[in-house]
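Data first, discussion second: the structure below is written as structure tokens.
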Amino acid sequence: MKITVVGSINLDFVAAAPQLPRAGETVTGATLARHPGGKGANQALAARRLGAEVRLIGRVGSDAMAGEATALLVTDGVDVSGVAADADAPTGVALIAVDPSGENQIVVAAGANHAVRPGQLPQGFDEAVVLQLELPVGTVEAAVARATGFVCVNLAPAAPVSDELLRRADLLVVNETEAAFYGAALHQGGGRVVTTLGAQGAVMHRNGVEIARAAPPKVTAIDATGAGDAFVGAICVALLEGMEPEAALSFACAAGALAATRPGAQPSLPTRPEVESLIG
């Protein structure tokens, strides 16, 4: 199974705090950690750890953070030959605050991610393609237009996209906030639409009709960062392997749940044996 992920690459600075700050509030007593992140990199690593052969196309800066941001990808065997180094923009950074329950607040400085242009993409994709919206929308739309196989778009963070993208995607993945942003337009193309529901699991629709629903296993969450990306990587692997919709959702929910039990985005992403063990 071959997957190309076109997406963002960040270095995450994670502050585990006693509570999340309100507007204008300073919270002390936090501990700081640094982890590789970015939705594109996270989803690439998630799919790789679940058994796919994965290539990542993206952009980092020509700075000291670039190697740190791609370290786990390289260690786990993701093909990073499509990751370019930008001389004019820094590696993307995410500033993340996490409370003891696993809830988080995230501020992203995109840096080199916003310099990924259609010219960096191949002229065509025969393999499956997975995308998100942390790159320029025009680049995402160009990648979708060049794909001839399976296309998954994680519409996060929510932003206006073309009707052509929504119709072409074989799989759209949104959370409840993103689903409300796009509304009925999500269902115009006839592909699968998966809405994640946090602790309640996920639901899959086709042509606006629910076709499957699954709940995650019970776990103790400590950091939700990366859980959604684990879900996206897992649902793509499951569907590409030919799993039925309900089984694919259960597999993806288990991957997301496991990721929430560990700190950090990429360090938390589970392996295939871990997911299958949790499902039982």
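The values are calculated or read from the model by the stated rules, or taken from the named source; none is laboratory data. In this text, all values refer to a predicted model and were calculated from it rather than measured experimentally. Backbone-built Cβ (ideal geometry, glycine too); neighbour counts: all protein chains shown. Keep in mind that these areas ignore ligands, DNA and RNA; they rest on the heavy atoms of the full protein, side chains included. Shrake-Rupley method; radii C 1.70, N 1.55, O 1.52, S 1.80 Å.
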Largest first, how would HIS187, HIS35 line up by accessible area (1.4 Å probe)?
HIS187, HIS35
Looking at the chain, what % of its DSSP beta bridges pair antiparallel, to the nearest 5?
40
THR148 accessible area, nearest 10 Å², 1.4 Å probe?
100
Sketch the reach of a paramagnetic label on LEU20 as a point 7 Å from Cα along Cα-to-Cβ, and name the residues of the range 202-230 whose backbone nitrogen lies under 17 Å away.
221-229
For the chain, the percent of accessible surface on carbon and sulfur atoms (probe 1.4 angstrom, ligands and nucleic acids excluded) is 53
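Quote to one decimal, in nm, the extra length available between ALA158 and ALA85 on full extension: 0.36 nm per residue of separation minus the C-alpha distance between them.
My answer for the length gained is 23.6 nm.
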State, to one decimal in nm, how far the label point of VAL107 lies from the label point of ALA184, with both points 7 Å from Cα in the Cβ direction.
3.9
By accessible area with a 1.4 Å probe, ligands and nucleic acids excluded, highest first: order of GLU164, GLU210, GLU141
GLU164, GLU210, GLU141
According to a simple spin-label model (label point 7 Å from Cα along Cα-to-Cβ), what is the distance in nm between ALA247 and ASP126?
2.8
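So in the range 10-90, what percent of DSSP beta bridges are antiparallel if you round to the nearest 5?
If we restrict to bridges inside the range 10-90, about 55 percent are antiparallel.
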For the range 149-276: relative contact order, % (alpha-carbon pairs under 8 angstrom, 6 or more apart):
19
For the chain, what is the charge dipole size about the Cα centre, in debye to the nearest 20, if Lys and Arg each add +1 at the Cβ and Asp and Glu each add -1 at the Cβ?
140
Contour excess over end-to-end distance, with Cα ends at ALA215 and LEU197 and 0.36 nm allotted per residue
5.6 nm
Ignoring everything but the protein chains, give the 1.4 Å probe accessible area of MET1 in square angstrom, nearest 10.
80
What is the magnitude of the charge dipole of the range 183-246 about its Cα centre, with +1 placed on the Cβ of each Lys and Arg, -1 on the Cβ of each Asp and Glu, and no other charges, expressed in debye to the nearest 20?
160
